[in-house]
Amino acid sequence: MRVLLTGGSGFIGSHIALLLLERGFDVLILDSYVNSSSNVINRIKAYLDKKDLNYKLKSINGDIRDKKLLDNIFIDSIKEKKPIDTVIHLAGLKSVSESFSNPLHYWDVNVIGTLNLLLTMKEYKCYSLVFSSSATIYGLSNSVPMAEDHKISPINPYGKTKVAIENMIYDLYNSNINVWKICSLRYFNPVGAHPSGLIGEDPIGIPNNLFPYLTQVAIGRQKSLNIYGNDWDTDDGSGIRDYIHIIDLAEGHLASIDYLNSKESCLEFVNLGSGKGYSVFQIIRQFELSTGCKIPFSIESRRDGDVAKSYADISKAKKLLAWTPKRSLEQICLDGWNWQLKNPYGFQ
Ligand code: NAD
Ligand code: UD1
């Protein structure tokens with residue numbers, strides 16, 4: 001089965017690519033490398049070569065907004081008699097702060113890029129799609145756990161582009177409910193790394209998110225962790241989030257493909273998280289315990305757009321996709337630290 005994986009050299013995409021290839025899928029990665037390194041592809045190949053696996057991987061450097069390029073990818077696949085069966089669509093921009101300073105760029109890449117991709121899929125009769133949505137679409141709410149019917153009210157342009165894409169997908173499905181098979185996966189907080197230490201998260205510049213910031217403090221790239229508020233309405237006063245091991249998240253995509261393959265047609269919006277909430281202090285404590293590193297921190301004022309608590313109700317994913325997250329917070333810390341230790345400056 002041939003899968004087109006857009007954004008396949010990014011943090012999440014690279015882990016999905018590796019799992020797909022291990023399972024014998026024929027994978028075409030399309031990525032413009034605006035937020036990733038082409039070294040990722042070499043790392044994936046090195047891992048599979050070491051395991052002596054036969055694999056079918058092709059990486060294409062290009063932009064999802066380039067319609068001609070998309071046409072050629074689908075046409076070439078048809079010519080090779082290996083048409084694309086499923087698209088896993090992750091390519092896009094994800095920085096909340098950048099989406100405020102340059103919203104049109106976010107609408108262009110995320111929404112126009114997806115429109116382009118969906119038009120091409122329709123044209124070449126590829127009707128199976130897994131899309132990466134985000135828990136950010138639930139907006140400012142402390143009512144936890146959050147199920148899929150939770151109110152959608154994004155509070156940043158990035159989140160609004162994800163809602164626009166979910167709406168586009170909804171309309172597309174309803175235009176021909178006999179053919180389309182779509183899962184829109186709403187990720188919570190993907191963290192950690194592949195246990196090999198060959199691939200992991202490598203944010204450009206100073207990390208915005210807790211986990212990569214924490215591992216960079218541990219390795220000495222950042223001096224101290226800023227904790228954004230210790231006066232939230234939580235047990236220890238710090239914010240609570242749903243951290244999911246990146247391999248559990250990647251496995252959710254393989255389960256989604258299995259699910260789509262078992263259906264004639266479908267449209268599902270599904271949360272992918274661990275289903276558990278941990279506070280910033282709990283994360284620091286577990287990281288220190290698992291790795292022996294000491295994390296210096298200071299308490300700062302609250303960050304705009306934060307909420308006290310956010311974690312997922314994952315009962316739908318468990319039931320529908322027959323998927324369950326298996327890795328503990330300790331495993332997340334160990335694998336995340338292993339990656340950072342082996343690659344202090346990421347893929348550079
Ligand atoms: P990432 O930035 O590491 O990966 C995205 C990839 O898309 C990058 O490799 C980038 O180079 C590529 N890309 C960007 N614009 C492109 C374009 N126009 N054409 C082709 N490729 C392009 O981010 P990630 O964390 O792996 O996220 C993947 C997807 O998951 C994104 O759509 C993101 O919005 C979504 N998501 C991420 C998180 C998270 O916390 N990481 C949470 C929820 C949803
Ligand atoms: C953030 C984004 C969200 C996006 C998600 C994934 C904001 C307000 N939210 O979510 O839209 O979908 O990343 O990219 O930007 N924290 C610290 N110190 C830090 C970093 C974070 O104390 O240096 C705290 C935060 O206040 C929060 C928790 O750690 O309580 C997790 O933060 P983060 O990793 O940024 O994830 P989200 O806030 O869930």
Conditions first: (1) part of a strand (DSSP E or B); (2) within 11 Å of ligand 2 (Cβ to nearest atom); (3) open to solvent by less than 20 Å² (accessible area, probe 1.4 Å); (4) not charged (D, E, K, R). Pro190 passes all but one, so which condition is the exception? (3)
Kindly provide the set of residues from the range 44-66 that are within 19 Å of Ser196 (Cα to Cα) and within 19 Å of the chain's Cα centre (by Cα), ordered by number. Ile44
Residues that are among the polar types (S, T, N, Q), without any contact (Cβ under 8 Å) to a residue 60 or more places away in the chain and assigned to a helix (DSSP H, G or I), drawn from the range 84-108: Ser101
Would you check which residues across the range 83-97 are over 11 Å from Val27 (Cα atoms) and more than 16 Å from ligand 2 (Cβ to nearest atom) and list them? Pro83, His89
Filter the range 114-159 down to the residues that are under 12 Å from Val87 (Cα atoms), of a type in the set (D, E, K, R) and assigned to a loop (DSSP other than H, G, I, E, B) and list them by number. Lys125
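Go over the candidates Ser36, Ser59 one by one and state the one that is surrounded by 15 or more Cβ atoms within 10 Å (Cβ to Cβ), within 16 Å of ligand 2 (Cβ to nearest atom) and not acidic (Asp, Glu).
Details: Ser59 fails: within 16 Å of ligand 2 (Cβ to nearest atom).
Selected residue: Ser36, the only one of Ser36, Ser59 that is surrounded by 15 or more Cβ atoms within 10 Å (Cβ to Cβ), within 16 Å of ligand 2 (Cβ to nearest atom) and not acidic (Asp, Glu).
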Might you check whether a residue that is surrounded by 19 or more Cβ atoms within 10 Å (Cβ to Cβ), over 21 Å from Glu201 (Cα atoms) and more than 16 Å from ligand 1 (Cβ to nearest atom) occurs anywhere in the range 298-306? no
Within the range 11-30, take every residue that is open to solvent by 10 Å² or more (accessible area, probe 1.4 Å) and more than 12 Å from Ile88 (Cβ to Cβ) and give me the one that is nearest to ligand 1 (Cβ to nearest atom). Phe11
Of (1) more than 15 Å from ligand 1 (Cβ to nearest atom); (2) at pLDDT below 95, Ala46 fails just (2)
For the range 241-251, does any single residue satisfy the condition of being assigned to a helix (DSSP H, G or I), more than 16 Å from ligand 1 (Cβ to nearest atom) and closer than 26 Å to Trp180 by Cα? no
Just give me the residues in the range 230-266 being of a type in the set (A, V, I, L, M) and either within 22 Å of Glu201 (Cβ to Cβ) or out of contact with any Cys (no Cβ under 7 Å at 6 or more places or on another chain) (or both), in sequence order. Ile240, Ile244, Ile246, Ile247, Leu249, Ala250, Leu254, Ala255, Ile257
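Give Ile227, Ile206 a once-over and let me know the one that is more than 16 Å from ligand 1 (Cβ to nearest atom), among the hydrophobic types (A, V, I, L, M, F, W, C), out of contact with any Cys (no Cβ under 8 Å at 6 or more places or on another chain) and farther than 17 Å from Val130 by Cα. Even if it seems obvious, please write down each step before you answer.
On the way: Ile206 fails: more than 16 Å from ligand 1 (Cβ to nearest atom).
After ruling out the rest, the residue left standing is Ile227.
Mind checking which helices (runs of 4 or more DSSP H) fall wholly inside the range 3-83 and carry at least 3 residues that are farther than 22 Å from Tyr187 by Cα? Walk me through how you get there before you give the answer.
Working: elements: 11-22, 39-50, 67-79.
Fully inside the range 3-83 and qualifying: 39-50, 67-79.
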Hey, Asn35 hits all of (1) at pLDDT below 95; (2) out of contact with any strand residue (DSSP E or B) (no Cβ under 9 Å at 6 or more places or on another chain) but one; which does it fall short on? (1)
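The values are calculated or read from the model by the stated rules, or taken from the named source; none is laboratory data. All figures in this text were calculated on a predicted structure; none of them were measured in a lab. Heads up, the Cβs are rebuilt from the backbone with ideal geometry, glycines too, and the neighbour counts pull from every protein chain shown. All accessible areas refer to the heavy atoms of the entire protein, side chains included, with ligands and DNA or RNA removed. Shrake-Rupley method; radii C 1.70, N 1.55, O 1.52, S 1.80 Å.
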